[in-house]
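**Student:** Sharing a structure, written as structure tokens. Questions coming.
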Amino acid sequence: MKSFLALFFTTLLFSNLSLGQSQYFKLKIEIDIPAEALPNKSQIIISPEVTGHPFKWFAFQHLKARGNAQIVPTQSSCHLIYRDSTILYKGQSAPENIKPGTITIEVIDKKGNSESSTLSFKWGEPIRYYFDEDKEQFFTCTATYTVD
């Protein structure tokens, strides 16, 4: 019985040591919203995905919208930062080979109607999402990452 327990704890110790070789992939998305850019009473949900891995969604909304998302001031510009992380296990893509992903943006208007768009992004390059055809109302997302 003692040899079994010794073998069990040795195996547990070495498996934990191998987990220590894992790295964390940390996604960061900076969102810049100009003054008066959000449609009245709208809510925006952002869902990022990198190399087939979906990250937690993030939501923000107009001051007068119903919901519990982060409220964005409408009279001045706003800068939001989204962060999430996941573990890169041994054997997954090397950090320098991580390809850019997509951001799905869902806009829910004051009547509850929803419109969704999926945009591809490149690391460090801003992408713009336009709310109108005249391209006057928009916000910008810039995705970056680090590996620790």
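**Student:** If you stretched the chain out fully between Ser85 and Ser116, how much longer would it get, using 0.36 nm times the residue separation minus the C-alpha to C-alpha distance?
**Tutor:** Working: separation 31, 0.36 × 31 = 11.16 nm, distance 2.41 nm.
Using 0.36 nm per residue and subtracting the Cα-Cα distance, I get 8.7 nm.
**Student:** A further question on this structure: Between Lys64 and Glu125, take the C-beta separation as r, use R0 = 25 Å, and let me know the FRET efficiency to the nearest 0.05.
**Tutor:** In this case the efficiency is close to 0.15.
**Student:** Using θ = phi - 60° and the Karplus curve 6.51 cos²θ - 1.76 cosθ + 1.60, what whole-Hz ³J(HN,Hα) does each residue of segment 133-142 get, with Gly and Pro shown as x?
**Tutor:** With coefficients 6.51, -1.76 and 1.60, one gets 5, 6, 6, 9, 10, 7, 9, 10, 10, 10 Hz.
**Student:** Per the Debye formula with a single identical scatterer at each Cα and no solvent contribution, what log10 I(q)/I(0) holds for segment 22-147 at q = 0.16, 0.21 Å⁻¹?
**Tutor:** The calculated log intensity ratios at q = 0.16, 0.21 Å⁻¹ are -0.77, -1.20.
**Student:** Using modelled amide H (1.01 Å from N, peptide plane; none on Pro or chain starts), what sits under 5 Å from the amide H of Ala59, excluding residues fewer than 5 places away?
**Tutor:** Ile46, Gln70
**Student:** Still on this structure, please answer the following. Convert each backbone phi in segment 68-83 into a coupling constant with the Karplus relation 6.51 cos²θ - 1.76 cosθ + 1.60 (shift: θ = phi - 60°), then list the ³J(HN,Hα) values in order as whole Hz, x for Gly and Pro.
**Tutor:** Coupling constants for segment 68-83: 10, 7, 5, 7, 9, x, 9, 7, 10, 6, 9, 10, 10, 10, 9, 9 Hz.
**Student:** For the peptides 38-45, 125-132, what is the packing order when you average, over each peptide's residues, the other Cβ atoms within 10 Å and list the highest mean first?
**Tutor:** Values: 38-45: 18.9, 125-132: 13.5.
Answer by packing, highest mean first, reads 38-45, 125-132.
**Student:** Still on this structure: Where Lys and Arg each count +1 and Asp and Glu each count -1, what net charge lies around Pro126 among other residues with Cβ under 15 Å from its Cβ?
**Tutor:** +1
**Student:** Mind listing which chymotrypsin sites (Phe, Trp or Tyr not before Pro) in segment 46-80 are in a DSSP loop and have 14 or fewer other Cβ atoms within 10 Å? Don't skip to the end; give the middle numbers.
**Tutor:** Values: sites: Phe55, Trp57, Phe58, Phe60; in loops: Phe55, Trp57.
Passing sites in segment 46-80 are Trp57.
**Student:** Return the subset of Lys64/Lys99; Lys41/Lys99; Lys110/Lys135; Lys56/Lys111; Lys26/Lys111; Lys56/Lys122 for which the Cα-Cα distance in this structure is over 30 Å, preserving the input order. Spell out each step's value before the answer.
**Tutor:** Values: Lys64/Lys99 38 Å; Lys41/Lys99 35 Å; Lys110/Lys135 20 Å; Lys56/Lys111 25 Å; Lys26/Lys111 36 Å; Lys56/Lys122 19 Å.
Going by Cα-Cα distance, Lys64/Lys99; Lys41/Lys99; Lys26/Lys111 fall outside the 30 Å limit.
Just so you know, all these numbers are worked out from the coordinates, no wet-lab data involved. From a predicted model like this one, the values you see are computed outputs, not experimental measurements. Backbone-built Cβ (ideal geometry, glycine too); neighbour counts: all protein chains shown.
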